[in-house]
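Taking it in order: structure first as structure tokens, then the write-up.
What follows draws every value from the coordinates through simple rules; no lab data is involved. Note that the structure is predicted; figures quoted are calculated from it, not measured. With ideal geometry, Cβ positions are generated from the backbone for all residues, glycine too; neighbour counts draw on all protein chains shown.
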Amino acid sequence: MNIVEVRNVSKSYRRESLKIPVLENIDLNVPEGEFLALMGPSGSGKTTLLNLIAGIDRPDTGSIKVANDEVTQLSESQLAEWRSNHIGFIFQFYNLIPVLTAYENVELPLLLTKLSRQKREENVKIALNVVGLSDRLEHYPKQLSGGQQQRVAIARAIVTDPTLIVADEPTGDLDKTSATEILTLLERLNQEFKKSIIMVTHDQRAAEKAHTVRNLDKGELV
């Protein structure tokens, strides 16, 4: 079964009177349990495609299904709820809130759910344990290394048990050792926890951890 089905998707952006095409007639199937790397030069449309699949942005034309939900048909409020239930986001720059502890940062997505405080605590501790940071619950982002901050961000992405993890250059801001740790963790989430992952990267070492690599060039999948 495909976790993601992208059909004939195109996307342009407007800059004043100019229409700038970013993606053209994209077709993509991502099987359940896949670890897919999207590669391509800067400006090739990788992040745009990731954002369309994750419901952050909308295509001009075409269809996007994730876990059988037609994402393009959802209203803004439905989309927000859908994202919180189905998508785990990992960004290049962690996007942690500096005044919150590691525990509080990971708990954030759960505050949008109906889970009890006890169940939230249980889920947060499991997620931080999975990423190897059980001993850093009360640390603030500034007290953590870059690699540790990205692991907190990954714990935040998995705490809701999402259908799909999307990662945009997750090793882009890390040194080589930390990058290797993060890639090993993503590999473990895929193999041990059966998480489907789509990762945008320009790092060949990162792409080697994926099962499948697709390249975008000038808005087309090659």
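The table that follows gives values for the structure above.
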{"quantity": "Shape of the stretch 105-171, Cα gyration tensor, a/c cut at 1.5", "calculated": "oblate"}
{"quantity": "Principal-axis tilt of helix 117-130 within the chain, Cα atoms, nearest 10 degrees", "calculated": "80 degrees"}
{"quantity": "Formal net charge of residues neighbouring residue 125 (Cβ-Cβ distance under 12 Å; K, R +1; D, E -1)", "calculated": "-1"}
{"quantity": "Overall dimensions of the stretch 1-128 as given by Cα atoms, namely Rg and Dmax in Å", "calculated": "17.1, 53"}
{"quantity": "Distance from the stretch 79-105 to the stretch 126-172 (C-alpha centre basis), Å", "calculated": "9 Å"}
{"quantity": "With eigenvalues of the C-alpha gyration tensor scaled by 5 and rooted, the chain, Å", "calculated": "29, 20, 16"}
{"quantity": "Residues in the stretch 162-201 reached by a label modelled at residue 74 [backbone nitrogen below 12 Å; 7 Å Cα→Cβ]", "calculated": "163-164"}
{"quantity": "Cβ crowding within 10 Å averaged over residues, with 165-172, 6-13 ranked highest first", "calculated": "165-172, 6-13"}
{"quantity": "0 to 90° range, to nearest 10: angle between helix 176-191 axis and the chain longest Cα axis", "calculated": "80 degrees"}
{"quantity": "Within straight-line cross-link reach of residue 176, lysines at Cα separation under 19 Å, skipping those fewer than 8 residues along the same chain", "calculated": "209"}
{"quantity": "Contour minus Cα-Cα distance for residue 173 and residue 212 (0.36 nm per residue)", "calculated": "11.7 nm"}
{"quantity": "Amide H contacts under 5 Å for residue 196, placed H, 5+ residues apart", "calculated": "33, 165"}
